[in-house]
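The values are calculated or read from the model by the stated rules, or taken from the named source; none is laboratory data. If you're wondering where the values come from, they're calculated on a predicted model, not measured in any experiment. All Cβ positions, even for glycine, are placed from backbone atoms using ideal geometry, and neighbour counts span all protein chains on display. Ligands, DNA and RNA are stripped out before the accessible areas are found, and what is left, the full protein with its side chains, is counted by its heavy atoms. Shrake-Rupley method; radii C 1.70, N 1.55, O 1.52, S 1.80 Å.
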Amino acid sequence: MDNVSSHGTTAHGHVHEHPHEHAHEELGWWRKYVFSVDHKVIGIQYAITGLLFLLFGFCLMMIMRWQLAYPGRPIPLIGQWLGQARAPMGIMLPEFYNQLGAMHGTIMVFMGVVPLAVGGFGNFVLPLQIGAPDMAFPKINMASYWAYFLGGVTMLLSFFQRGGAAQSGWTSYPPLADIADGQTVWLIGMVFLITSSLLGSINFIVTTVQLRAKGLSWMRLPFFVWAQFVTSFLLLLAFPPLEAAAVLQLMDRLVGTSFFLPSGLVISGKPLAVAGGGNPVLWQHLFWFLAHPEVYVLILPAMGIVSEIIANNTRKPLWGYTAMVYSVVFIGFMSFVVWAHHMFMTGMGTTMSAFFQTTTMIISIPSVVILTALLLSLWGASIRFTTPMLFALAFLPMFGIGGLTGLPLGLAPSDIHLHDTYYVIGHFHYVVAPGTIFGLFAGVYYWFPKATGRKMNDLLGTLHFWTSFLCINLVFMPMFIEGLAGMNRRMYDGGMQYKYNASVLHWNVVQGYAAWGLGLAQIFFIVNFFMSIKWGKAVDRNPWEATTLEWSAPSPPGHGNFLTEPIVYRGPYEYSVPGAARDFSPQFEPEKA
């Protein structure tokens, strides 16, 4: 930037160099890699930050797992570094356990999976798949990443304030969240994170509507683009109520309002001096109105990634593409009328319960349609078992288990017994851990060659898959056993204080070792990821012989993405077309006369 005048123009203002080349030169390191407006750089920033937060959130859980397996024993290795306020003599205090639980949930959902699935894959892949030179609003895109970064840093700093981080669960339920330590910084961090998602979602919607390549009609869009498109609407419409709610809860904490504080609260034997008249259940409505669409925000991008990979590695079109598109749009609409199935215990009455359990049963249908279509796509295929395909294939039964175990929770009579037990944790973790996160790993292995021009190592990838697959099931499957036996969640001693848990306590030890094994399994991925950037096998622009538009751009794509304007001639999954010369007919190849 600073040497533009010295060699860019003469005193009379004549430009010597080619202006387009010059535009590249003047971008310094900061503008190119840190405060970049290029969707690919922003996507990589989102992805790497999201992966780091996922790792950190998982480390919090590995510390919790020690406390659950061996309650009251000093934490090995790191116990003495945690400080007297958190773990005196290395023994975890209940308050610190609550902080870890609340922050694990917050970090994994809002700072890990969503930024990686939407911010990372959405930003990097979506403009390439629709043949766009960049996002519609590049500066808003940059603002979206930095709002997320600020929110993430705010959340991390909350561990170092007096009283520690948020300890009222990731759901921040009042009245506890209105009076407990640590929640103010959590709420401020959430406002940043929500703002980031709103900026990003507007951008995705406009980009998808306005910047599609010539010939790319709606029913020629790759399924990944449809998934991201619906996800953006969910973020745009569901997040504002939570942002408003977060501001209201901040006011309860800081300026003495009573939006969520009822009259006559007694805390530690003393009446709470507030006006009262508020309603804690109002917070639950505002929170779950976001957080149920939010779980579809977690799963839809993963479904999109898995669809791309299954079509590519079965070498045949997706079975029922049209039905899948209508299903994903229907999921988007329905996700706004199921939120109160999280609230059957609030005494909202049988009429409301009947309504919400009905809508919950209905929304399971399009999910099953998508899952069935993906399973039928495998029928009769000559499957290539590449590393991305292993993760994509595992996604199907894991998401299936997550979905099926959710049905008893969607029916009020059975949910009354299962609510707040480990069964609930088992259910939603099957959806988001071996479900979504496996989908995201599949995406990293699949698009890594596009981002870097190099493939990741297959042996390390296979080791990463099988060790993760084994350990992750050993972590979450026993939770169904514990939950059906009645073991409550959020117990800092793993439920030891209740006699009825005695028969299932040993599962906590199994889960502990499985969780630490899962942590070790990620070393394969981390080594593979960083080694492959430099030493991976160099590949051309279409290493997987895929059909969608992003594979017509160079690897890695340069400024503006495509060397020539992409034109689309056919649908997204034209594999093994009878009579064709090869087993894939890319969208960007003209018809041969």
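Here are some notes:
- Helix 506-535 and the longest principal axis of the Cα set of the chain meet at an angle near 20°.
- Taking the longest Cα principal axis of the chain as reference, the axis of helix 138-157 is set at about 30 degrees.
- Rel. contact order, % - alpha carbon contacts under 8 angstrom, at least six apart, the stretch 479-593: 16 percent
- Seen from every direction in turn and averaged, the convex hull around the alpha carbons of the stretch 503-593 projects onto 11.2 nm².
- Column: log10 I(q)/I(0), Debye, Cα scatterers of the stretch 395-457, q = 0.15 Å⁻¹: -0.55
- From largest to smallest, the equivalent ellipsoid semi-axes obtained for the stretch 354-468 from the alpha-carbon gyration tensor read 33, 16, 11 Å.
- Hydrodynamic radius (Kirkwood) for the chain, which is based on Cα pairs only, to one decimal in Å: 25.4 Å
- Centre-to-centre separation between the Cα atoms of the stretch 58-73 and those of the stretch 497-575: 28 Å.
- Sorted largest first, the spans of the alpha carbon positions of the stretch 460-562 along the three principal axes are 65, 26, 23 Å.
- Calculated [222 nm] ellipticity per residue, helices only, for the chain: -19500 deg cm²/dmol; basis is -39500 (n - 2.57) per DSSP H run with n ≥ 4, divided by all residues, nearest 500.
- Cα-based helix-to-principal-axis angle, 387-410 vs the chain, degrees rounded to 10: 40 degrees
- Given charges at beta-carbon only (K, R positive; D, E negative), |dipole| of the chain in Debye: 700 debye
- Equivalent ellipsoid dimensions for the stretch 276-325 as semi-axes, Å, which come from the Cα gyration tensor, largest first: 40, 10, 4
- Diffusion coefficient, µm² s⁻¹, Stokes-Einstein with Kirkwood Rh over alpha-carbon pairs of the stretch 221-364 at 4 °C and 1.567 mPa s: 73 µm²/s
- For Phe584, the residues 5 or more places off, or on other chains, whose built amide H falls under 5 Å of its own are Ser576.
- Once you reduce the stretch 436-477 and the stretch 298-348 to the center of their Cα atoms, the two points are 22 Å from each other.
- Most positive-pole-ward Cα, Thr208, Ile309, Leu393, against dipole of the chain from beta carbon charges: Leu393
- Calculated on the Cα set of the stretch 317-401, radius of gyration then Dmax: 16.7, 53 Å.
- Note that the stretch 295-354, at 37 °C in a medium of 0.692 mPa s, gets a Stokes-Einstein diffusion coefficient of 234 µm²/s from its Kirkwood radius over C-alpha pairs.
- Translational diffusion of the stretch 49-129, µm² s⁻¹ [Kirkwood Rh, Cα pairs; Stokes-Einstein; 10 °C; 1.306 mPa s]: 114 µm²/s
- Share of carbon and sulfur in the accessible heavy-atom surface of the chain [1.4 Å probe, %]: 70 percent
- Computing FRET efficiency as 1/(1 + (r/R0)^6) for Lys139 and Glu565, where r is the C-beta to C-beta distance and R0 is 25 Å, gives about 0.60.
- Put a dot 7 Å past the Cα of Met352, heading toward its Cβ, do the same for Asn279, and the two dots end up 0.7 nm apart.
- Whole-number accessible area per residue in Å² for the stretch 50-158, which is evaluated in the context of all protein chains at 1.4 Å: 35 Å²
- Derived scalar couplings between HN and Hα for the stretch 98-113 equal 5, 4, 4, x, 5, 6, 4, x, 4, 5, 5, 7, 8, 10, x, 5 Hz in order, rounded to whole Hz, by the Karplus curve 6.51 cos²θ - 1.76 cosθ + 1.60 (θ = phi - 60°), x for Gly and Pro.
- Pairs of Cα atoms nearer than 8 Å and 6+ residues apart set the relative contact order; for the chain it is 15 percent.
- Per-residue 3J(HN,Hα) values for the stretch 560-573, derived from phi via the Karplus relation 6.51 cos²θ - 1.76 cosθ + 1.60 with θ = phi - 60°, read x, 6, 10, 6, 10, 5, x, 10, 9, 10, 7, x, x, 10 Hz in sequence order (x marks Gly and Pro).
- Cα-Cα separations in the stretch 245-301 greater than 12 Å, expressed as whole percent: 70 percent
- Mean Cβ count within 10 Å, highest first, over the residues of peptides 484-494, 334-344, 110-120: 110-120, 334-344, 484-494
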